Amino acid sequence: MRFDAGVVSRVVRAAAAAALAACALEAKVFLTQEEALRLAFPGATVVRRAAFLTEAQQREAQKLSGDDRPPAALATFYVARKDGRDAGTAYFDTHVVRTTSETIMVVVDPSGSIARIEVLSFSEPEEYLPRPRWYAQFSGKPLDAELSVKRGVRPVVGATLTARATTAAARRVLALHRVLHPAPPRTPAP
Amino acid sequence: MRRLSRFISVCLYVAAAGAAALAQAPATADERIERLEKLLAETRAEVSALKAASTGGATDVKLAEIERKIDILAGEIEAMKIGEAATPASAPATASTTLSATGKPVPQDTGERYGLGLSAAKVYGLRRGVSIGGYGEALYENFGERRQDGALSNRNDRIDFLRAVVYVGYKFDDRWVLNTEIEYEHAVTGEDAGGEVAVEFAYIDYLHSPAVNARAGLVLVPMGLVNELHEPTAFLGARRPDVERFILPTTWREIGGGVYGDTGPLSYRAYVTSSLDSADFSASNGIRSGRQQGAEATARDWALTGRLDFTRVPGLLVGASVFTGDTGQGRRTLEGGELDARTTVWDVHADWRWRGLQLRALYAGTSIGQAAEINALNGFTGNQSVGGRQEGWYVQGAFDLLSLTSSAKAALLPYVRYEQYDTQARVPAGFARNPANDNRELTLGLAFQPIDQLIFKADWQERRNAARTGVNQWNVALGYIF
């Protein structure tokens, strides 16, 4: 029996559509993906990339982030270039805050630190949404032990779960970025 | 070519089997997405292997087409995970989307638009729906055998499922939202049981913008640190601070409405609600029993509540709130005049969190006009007087020991709280203060949070009062939210 390869995508797309319908949640949308990317990279050329992680990469990313689960095998990210130079990489992370979800964009600068975080959608009551200034504190933070609400990230009175969920997402993204874009080995000084 | 056909057949079998399994297994959406991602990863790996072994020609063309479709699927799965905020379907769904080439104006980044950004007020596609949450707490109290003055306390130890609460919300659309909290207190209601069922709040929000929103219904009076954030994981201590029980009578709710929002470094609330009823004020409970709680409340007198919080520095909250209104509720004095009984409650509060450290402080005061007239109407004499002035304060500190480790998600918090309050700080001429209402409490405890939504607390309380009738106690509590 022979099949056209296009059937593969149709079958998987149908399953994906079914899953989409199953996981639909009501959410307040503050920014679309495209708007968030424009906000982060004005005037830049942004290209979507997909990467498939090996199991070893998944394990490494989980170890770096300290997350309970390894990241998905499929990672999608957006690489921005402006004036011929690397302007940063954006990742989107959707996670549960209390019982419903939040989607944020984490922009990683060329040095591997967080450039900014934007909230795209938030399904919990807005009382649990920290103020914009809270998100600003992530700028410049690298992936280290300080990236924790117990340490270098200030929590929010009344929005502890959001603070923790956002910080965990930031760690996931930086870990994933480091696995996908390992720093070149240092050459010894002559 | 035969190898390619065989591979495609295998892919189809895997995909079909996967789809069939998706249809049959009671998998969550996340699990389904994970399976799809795994399938794609396997397919991608197989394609790469085939490309490596390919001799070129038509096979390479076909493989390139399969790769293109895999990238499309990757985009679809990403959109599925992100949901409504995903780039609209009308946008180019190719593996490489050049956003600056869409022809739309590119916003300039001012650097001041973190978090919600300038587009915070934009409303896109929306869905309707019900949301459910809740919390609960149980408390064991073990009382000392003797009072402060050495006499027998005659207090029986007790254990109680204080409250099991269900939140139910409904989003009519992106502007109109209903929030309710239904509370079951003390586990059982009935003729021989002391439990009760209460609506803690039930209000409708109109979400206009971050700066201005409106709320109406049975609302929580926005005072102090605990009243609006009274879930067991939100405060330390097996029992709530008594200052926020007797001076600020949590959980305090009244029917009314008002506006709230954030502007600059400030957040505010301003409500008009039903006022307290001075007919139920008392010496020891202060204004607590005067809460009307939306239950067939007398609505002759109304009150204004305002609150302002400064939140410019992440981790720091500093604010103040005030409630003021007449509480006579149509009663007349014994002389026949109208009883105003203007009551004003105010507080200043601060909460600071830095690394593992948590500090909290609050000062609250109440003044009640025509206290002598209230006493006369309520039949109070001697030291039974309503306090014309009531006040209290507390300071609390805690440190998360597990913040000293690099990876612990749990929290282990020793805490200490000292509070003073007096529900009869001042009484009208001709009445006396009861020293038993002049209280000092020291609480030493330990809280453990294995995960953010569960908390176990144990503490010891030294309870003193000026009448030397205080009884120490230790407590154990568990709490959950979901």
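Quick notes on this one:
- Just one of (1) farther than 24 Å from residue B:266 by Cα; (2) at pLDDT 95 or above; (3) facing chain B (nearest Cβ under 7 Å) fails for residue A:107. It is (3).
- Per the listing B:347, B:351, the residue uniquely within 14 Å of chain A (Cβ to nearest Cβ) and at pLDDT 95 or above is B:351.
- Summed over segment B:161-177, residues that are crowded, with 16+ Cβ neighbours inside 10 Å and either charged (D, E, K, R) or touching a Lys or Arg at 6+ places or on another chain (Cβ under 8 Å) (or both) total 4.
- Boolean, residue A:112 is at pLDDT below 95, facing chain B (nearest Cβ under 8 Å) and under 23 Å from residue A:147 (Cα atoms): no
For (1) of a type in the set (Ser, Thr, Tyr); (2) within 14 Å of the chain's Cα centre (by Cα), each residue gets a yes or a no:
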residue: A:55; (1), (2): no, no
residue: A:66; (1), (2): no, no
residue: A:77; (1), (2): no, yes
residue: A:85; (1), (2): no, no
residue: A:89; (1), (2): yes, yes
residue: A:92; (1), (2): no, yes
residue: A:96; (1), (2): no, yes
residue: A:103; (1), (2): yes, yes
residue: A:107; (1), (2): no, yes
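- Scanning segment B:320-348 for residues that are within 20 Å of residue B:245 (Cα to Cα) and crowded, with 21+ Cβ neighbours inside 10 Å yields B:321, B:323, B:325, B:327, B:343, B:345, B:347.
- Of the residues making up segment B:26-37, at least one is under 45 Å from the mean Cα position of the chain (by Cα), at pLDDT 50 or above and of a type in the set (S, T, N, Q).
- One residue stands out among those in segment B:153-175 that are in contact with a strand residue (DSSP E or B) (Cβ under 6 Å, 6 or more places away or on another chain) and of a type in the set (A, V, I, L, M, F, W, C): the one that is farthest from residue B:471 (Cα to Cα), which is B:168.
- Which listed residue is at pLDDT below 90, over 23 Å from residue B:83 (Cβ atoms) and surrounded by fewer than 14 Cβ atoms within 10 Å (Cβ to Cβ), from B:157, B:192: B:192
- Of everything in segment B:187-203 that is touching a residue at least 24 places away in the same chain (Cβ under 8 Å) and of a type outside the set (D, E, K, R), the residue that is farthest from residue B:164 (Cα to Cα) is B:203.
- Among the numbered conditions (1) more than 20 Å from residue B:267 (Cα to Cα); (2) at pLDDT below 95; (3) crowded, with 23+ Cβ neighbours inside 10 Å, the only one that residue A:134 does not meet is (1).
- Any hit, segment A:63-82, residues being free of Cβ contacts under 8 Å to residues at least 12 places away in the same chain and over 27 Å from residue A:164 (Cα atoms): no
- Some residue of segment B:398-413 being of a type outside the set (D, E, K, R), away from chain A (no Cβ under 14 Å) and surrounded by fewer than 22 Cβ atoms within 10 Å (Cβ to Cβ): no
- Residue in segment B:242-261 that is within 13 Å of chain A (Cβ to nearest Cβ) and more than 30 Å from residue B:431 (Cα to Cα) present: yes
- Subset of segment A:46-64 [buried (at least 17 other Cβ atoms within 10 Å of the Cβ) and facing chain B (nearest Cβ under 8 Å)]: A:46, A:48, A:50, A:52, A:53
- Residue B:303 being of a type in the set (A, V, I, L, M), modelled with pLDDT of 95 or more, under 30 Å from residue B:409 (Cβ atoms) and crowded, with 18+ Cβ neighbours inside 10 Å: no
- Residue within segment A:156-164 that is within 22 Å of residue A:33 (Cβ to Cβ), of a type in the set (S, T, N, Q) and more than 10 Å from every other protein chain (Cβ to nearest Cβ) present: yes
- Applying the set (1) under 30 Å from residue B:456 (Cβ atoms); (2) crowded, with 19+ Cβ neighbours inside 10 Å; (3) of a type in the set (Ser, Thr, Tyr) to residue B:203 leaves exactly one unmet item: (1).
- Of all residues making up segment A:137-178, the number that are modelled with pLDDT under 95, in contact with a strand residue (DSSP E or B) (Cβ under 6 Å, 6 or more places away or on another chain) and under 19 Å from residue B:352 (Cα atoms): 2
- Per-region count, segment A:102-112, residues in contact with a Leu (Cβ under 8 Å, 6 or more places away or on another chain) and surrounded by fewer than 21 Cβ atoms within 10 Å (Cβ to Cβ): 1
- Within segment A:130-152, the set of residues being hydrophobic (A, V, I, L, M, F, W, C) and either out of contact with any helix residue (DSSP H, G or I) (no Cβ under 8 Å at 6 or more places or on another chain) or within 8 Å of chain B (Cβ to nearest Cβ) (or both) comprises A:134, A:136, A:145.
- Yes/no for residue B:91 being modelled with pLDDT of 75 or more and within 9 Å of chain A (Cβ to nearest Cβ): no
- Applying the criterion of at least 1 residues that are among the aliphatic types (A, V, I, L, M) and within 14 Å of residue A:170 (Cα to Cα) to the strands (runs of 3 or more DSSP E) found wholly in segment A:67-139 leaves A:85-96, A:101-108, A:114-122.
The values are calculated or read from the model by the stated rules, or taken from the named source; none is laboratory data. Treat the numbers as computed from the prediction; the structure is a model and nothing was measured. Ideal geometry is used to build each Cβ from the backbone, glycine not excepted, and the neighbour counts take in all protein chains shown.
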